Amino acid sequence: MSFSIVVCGSIVPDPLQTLEPVMGPNGPALKNEIMLPAVLDPWAAHALFEAAHLAAESPGSRVWLVSLAPKAKLQQVMMTMAQKAPFELLALDGPASGFSDSAETASALADAVAGIAGLDRSRLLLFGGWESASRGACSTLQGVGERLGIGEQFFGVDTLTVHPDGSLEILERVEGGRHQVSVCAGPPAVLGWATGNLPEPRNHPQTGMANMRQILPALQRATAARLPGTGLCYQSVTPPQQMRQTRIVKNLPPEEVAREIVAWITGD
Amino acid sequence: MSDLEVDLVCVGFGPATAGFLTTLSQTPGLESRVAPGMPLQVICYERAEDISFGVSGLVTRGRGIRASLPDLDPTAIPLATPVTHEKLVYLADPIGASRRGPALRHIDRWLRSVDLAREWAFELPYTPPFLRKHGGLVMSLGQFLQHVGGSLMASGTVQIWPAMPVAEAVLEDGLVRGVRLTDQGVDRRGQPEAGYLPGLEVRALLTVVGDGPVGAVGRQLEAAFPWPEGQRQKEWALGMKMVAELPDDVDLAAGTVIHTLGFPEPEIFGFFYVHPGRVATAGIFVPSWFLSPVRTAYRYLQHFLMHPYLWRYLERARLRSWGAKSLRESGRRGEPVLVGEGFARIGEGSGSTNALTGSGVDEAWTTGVQLAEAVTALLRDGAPLDRAHLETAYLERRRGSWVDREAHIAERARDGFHRGFFPGLIGMALAGLTQGRIAIPGEPRPMPSTIDARGWPAIPYDGRILLSHQDALLLGGKVQAPPGYADHVRFLDASVCARCGTHLCVEMCSGQAITANGDGVPAFDREKCVHCGACLWNCEAHNLVFQAGAGGLHSSEN
Amino acid sequence: MERVLFLAHTEPDGRLGKAALETLPAALALGGETVIGLVGPSTAPAADQIAACGAVRFLAVEGAEFAVSRYATDRQAVEALCRESAATLILAPHSSRWVRALPGVSARLNGRVDTHATAISVVNEVPAVTRWFYRQRMEGVLTRAQRPWFVLLEPGCHPAWTGPGGCAALELLRVEPATRTIVTGLRASQAGEQTIRPDAPLLFVAGAGWTKKQADGVAHVEEAERLILDMLRASGASLGGSKSLVDLSGEGQAVLACMTHLNQIGQTGSTPRHPKGLSTCCHGEEPHVVGWRFITERRAINLDPNCGWARGKADVLYVADAFAVVREVNRLLEPRP
């Protein structure tokens, strides 16, 4: 039982970087974005690892990564990601900004997916992160799925199990730290992943070298994707005012500290 | 049986390897010897998570870099700018806690009394020629390497793999056959656990070792092949720097370069460069012959920033980045075996850094260029890449170059400092001005036990530029480490640590990754290590192993 | 003038939950004509609950198929409601159920969607939505020209509707959904106790310091676990962790069995909303603290007076031993016999 797994994911600044917004003529952007080291969005990366894992267990499967991002930065990210899992890259050269419109992003991604030669739509699993670390919306994959005519969609996915009859058991995160269990008859389906349960794969030099044979040409062939943000207007983007006047309490016996804390907890 | 076979494997992607690969990529039509019919198979492994995480306080005359990249446009590289102003400044001590002797204190008082030291600093009217960087560039090493690396990758002539530490060179009967990569999926002690992946062996006709001043492969080769007669790498320094955003009302031109001496201690040289976009780099070098624990390098850096001469620019600045690295200060005298069967060494690990001019990046780059020219010549001639041929092709180029000429001048330039500040200064000036013919001799004194910094006031943290050490690590260096790797710093004999009264390794760890653990072996936290290597050269008992590890700094602005 | 559709899925008892009751007044305040749209197995109780809200129509899609949280059926139900109401602005509470389906409806109607909104307001007849970007690192206010515009409002951002009930004239839309998915149930986390409580008044964060060696040179992980669980029980708090503590469990270290990666706050973890948060044995590093964006009052217990909490990240930092303090807090909070 094989699958055609297309993972949609873009790049985000490496998690520990300090981010600041700036307003430009084209709307808001990150200050010095070009200098910030980037990684593949963490949830999209989990989706990619899950895709590779599923493909390894389902002979005949193929995995694509469709990524809309500035070409040069995508190349940097590929230097690490390409070592993690086998996949084919379909690159779109455009902004990876969290301020871009998810509908426009979805449209560009859907067109790219629809254009993949040899894609078996009946075995298509469209993966991605449920949200991104940039826009953080959980609204793009639905748009890609709908444009591709996929009516079964799941988000906050942590586990996918393929049953012998080909049905897909899927666990999605819901409120209160629990998972909802669903069974979908089979592909096509959209899965927006949370973190899943797989550890991050090790760096495989041979995987990297094999991947690069396809990735470098794919980057060179990357078509431009414009996201004009039509009709979307940002009135302001501001970092939060986060300095509080911290009262530092020293030399108070634990019993006194506890009393103060209890009064605070039980107070209104 | 190896897992992978290539023509050339490079260890480390720093300025030396960047110079090597750039030159190689500019030479079309080189055919592979391991895979005839294919282009030359070149691969480079870098242990840091990204090639942009290099550290340097970078102001360079850029002779080698410009020769390789004549169309280099500084405006195309973030944080790069031509040098516009240059100053050498003596910083007096406004606090009174530094260890300067009575003569220097007297000079400080006199300078103040005749109003020659406004802001407690005396701008020397003369910058000696060997220090001058005019016509050069102020850059961020990380951004420069990203720029060069991106072009190299796009050219398709080489594959550069970050996040891939090299464990060791594969040595067989005195021949280097290639390298072995680090094991993954192991616990702290190196024992296999979930997802165990033993390190791949990569065979190559030539292993190009550009892994820097504390690189594991370089040091493995130094242990395997005896040092040439009279050569030894003895002097070190720890360079530590911050990149800061200047306040809006500070009016400093991009390309301003200030070299300092005298504060926070007479032995500590400092630097302050201004990048475009109101960004400045400020840092210090704490040398191994400085008789005080180097961990307070961070603390000294903070006092340096707060010196009135600099504080007038930095007071409301905000930290953007932070980093630290070791420097091989022995230079030419610390040059190890440069070529052997199956290997060649380039860059700072090969002794190219010049402690007199205070520069290393362009020198490293140029040694990389020299090796690449040698290799391409040998490949074109169908000659073997063996020691004899490399000695001729590479060493001749290196010996005949400005890198070597200037390295000779620098050889004894700083020895005077072993006798004291004034002999050191005079010695440096003499060496520089007489082209190395005259120098003041001196031998490094043995490392003493820890001395508490006396009288240095507490740092008034402001949450912007004056931060706790850990905050600088996280907010500045963005230090992280991926799981699944063994600790790359290990202590060999617990009893040696138990007997050690000083635990200098704890005192001078740049990231506070090494901490005291009762009376026993210090604890090591990989997630805080910035791979500066200071622990390596501060353990007098040589009881410490420092290997190539994954992770570390995650800032591309240093 | 906008035509606003307020969308809510009903609870098992047919009524509206807290998040929906908070979103309703936000919808009403937009000043346009408001239509109510309900989805669930039974919807009349919900409609009656808000009958007096001033909406011009009460629409519903009802049936057993709509009792579960499922993309295909929710998407079809909501699409029918949107088309019938001809709404230009659709406001719904942000829930796992709605964030799954509503963006799909938006795509089909060639509309636009903004999720995780923390506010919606109207200035000069132009609606503007506030939401966070880059993992709560910056707050943006945006307007859109395209319609229909779907906005999902975060719970805890608006006071709940408290108007009287009544009898609503409910119009049921007939929707016969097609789907290939069956929802079989819910599964709780593997950990023994359910430690994530979104509605808790207090977030209790345990940092890596709980598992490190204490003053006596020994780690006291079992005692740490016991103290933490007792604290959760006694205070009803929700448990959060720092990335370093959560990662330790991945490396086979002595860890707290009650902690999984679902508890992680900040970084790739969650950013929960609670009125109060108490951090213990945690350094207060920035990437973790961004997860505290929606914690209103913050206090911390840490033996290090120079930890991150000390400078502007917490309201109060107690430089004290968390083991001793929490032991005493638990004792004080336990109900007296």
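The values are calculated or read from the model by the stated rules, or taken from the named source; none is laboratory data. This is a predicted model, so every value here is computed, not measured. Using ideal geometry, Cβ is built from the backbone for each residue, glycine included, and neighbour counts are taken over all protein chains shown. Note: accessible area is taken over every heavy atom of the protein model, side chains too, but ligands, DNA and RNA are not part of it. Shrake-Rupley method; radii C 1.70, N 1.55, O 1.52, S 1.80 Å.
The A-C contact accounts for roughly 7200 square angstrom of buried accessible surface, both chains included, probe 1.4 angstrom.
With a Förster radius of 22 Å applied to the C-beta separation of A:HIS163 and C:ALA64, the computed FRET efficiency comes to 0.35.
Between the C-alpha center of segment B:57-131 and that of segment A:162-219 there is a gap of 55 Å.
At an R0 of 56 angstrom, the distance between the Cβ atoms of C:ASP13 and B:GLU172 translates into a FRET efficiency of 0.15.
Counting other Cβ atoms within 10 Å, which trypsin sites (Lys or Arg not before Pro) in segment A:137-237 have at most 12 and lie in a DSSP loop? Intermediate values should be presented prior to the final figure.
Values: sites: A:ARG147, A:ARG173, A:ARG178, A:ARG202, A:ARG213, A:ARG221, A:ARG226; in loops: A:ARG202, A:ARG221, A:ARG226.
Those satisfying the criteria are A:ARG221, A:ARG226.
Over the residues of the protein assembly as shown, the helix contribution to mean residue ellipticity at 222 nm works out to -7500 deg cm²/dmol, using -39500 (n - 2.57) for each DSSP H run of at least 4. The listed residues B:VAL34, C:VAL316 rank as B:VAL34, C:VAL316 when sorted by accessible area, largest first, using a 1.4 Å probe.
Would you please report the Å³ per residue occupied by the convex hull of the alpha carbon atoms in chain B?
Details: hull volume 82.8 nm³, N = 558.
So the per-residue Cα hull volume is 148 Å³.
Against the criterion of solvent-accessible heavy-atom surface with a 1.4 angstrom probe, C:GLU139, B:GLU540 sort, most first, into B:GLU540, C:GLU139.
Association of chains B and A removes close to 2800 square angstrom of accessible area from solvent, both sides included, for a probe radius of 1.4 Å.
Compared with the dominant Cα axis of chain C, that is its longest principal axis, helix C:322-333 is turned about 60°. Projected over every direction and averaged, the convex hull enclosing the alpha-carbon atoms of the protein assembly as shown yields 46.7 nm². State which stretch of chain B is the longest one without any exposed chymotrypsin sites (Phe, Trp or Tyr not before Pro), exposure meaning a DSSP loop state and at most 15 other Cβ atoms within 10 Å. The longest such stretch corresponds to B:127-460.
Here the Karplus curve 6.51 cos²θ - 1.76 cosθ + 1.60, taken at θ = phi - 60°, turns the phi angles of segment C:79-90 into couplings of 4, 4, 5, 5, 5, 5, 7, 6, 6, 9, 10, 10 Hz, with x standing for Gly and Pro. Each principal axis of the Cα cloud of chain C was evaluated for its coordinate range; sorted largest first, these ranges are 70, 44, 41 Å.
Counting only protein heavy atoms and a 1.4 Å probe, chain A has 37 square angstrom of accessible area per residue. Under the combined filter of DSSP loop state and at most 15 neighbouring Cβ atoms within 10 Å, segment C:253-337 retains none of its trypsin sites (Lys or Arg not before Pro). Shown are B:THR260, B:THR515, whose ranking by accessible area with a 1.4 Å probe and every protein chain present, most to least, is B:THR515, B:THR260. Converting phi to 3J(HN,Hα) with the Karplus coefficients 6.51, -1.76 and 1.60 and the offset θ = phi - 60°, segment C:302-307 yields 7, 6, 9, x, 9, 5 Hz in sequence order, with x at every glycine or proline. Of the whole protein surface, B:LYS478 contributes about 10 Å² of accessible area at a 1.4 Å probe radius. In chain A, the portion of solvent-accessible area held by carbon and sulfur atoms comes to 54 percent [1.4 Å probe, whole percent, DNA, RNA and ligands not counted].
With bins 5 Å wide beginning at 0, the percent of Cα pairs of segment C:202-333 falling in each bin runs 2, 11, 23, 26, 22, 13, 2, 0. Distant-in-sequence amide contacts of A:VAL66, defined by a placed amide H-H separation under 5 Å and a gap of 5 or more residues or a different chain, comprise A:VAL7, A:CYS8, A:GLY9, A:LEU90. Across chain B, the relative contact order, built from alpha-carbon pairs under 8 Å that are at least six residues apart, equals 20 percent.
Heavy-atom accessible surface of segment C:3-172, averaged per residue, reaches 32 Å², computed with a 1.4 Å probe.
For segment C:127-195, the set of trypsin sites (Lys or Arg not before Pro) satisfying both a DSSP loop assignment and a count of at most 16 other C-beta atoms within 10 Å is given as C:ARG174, C:ARG180. One quarter of the surface of the convex hull around the alpha-carbon atoms of segment C:3-172 equals 9.0 nm², the direction-averaged projected area. Summed over the residues of segment C:202-333 and divided among them, the accessible surface reaches 32 Å² per residue at a probe radius of 1.4 Å. Couplings 3J(HN,Hα) of segment A:233-239, computed from phi: 9, 8, 6, 6, 9, 9, x Hz, in residue order, whole Hz [Karplus 6.51 cos²θ - 1.76 cosθ + 1.60, θ = phi - 60°; x for Gly and Pro]. Only beta bridges with both residues in chain B are counted; by DSSP, about 70 percent of them are antiparallel.
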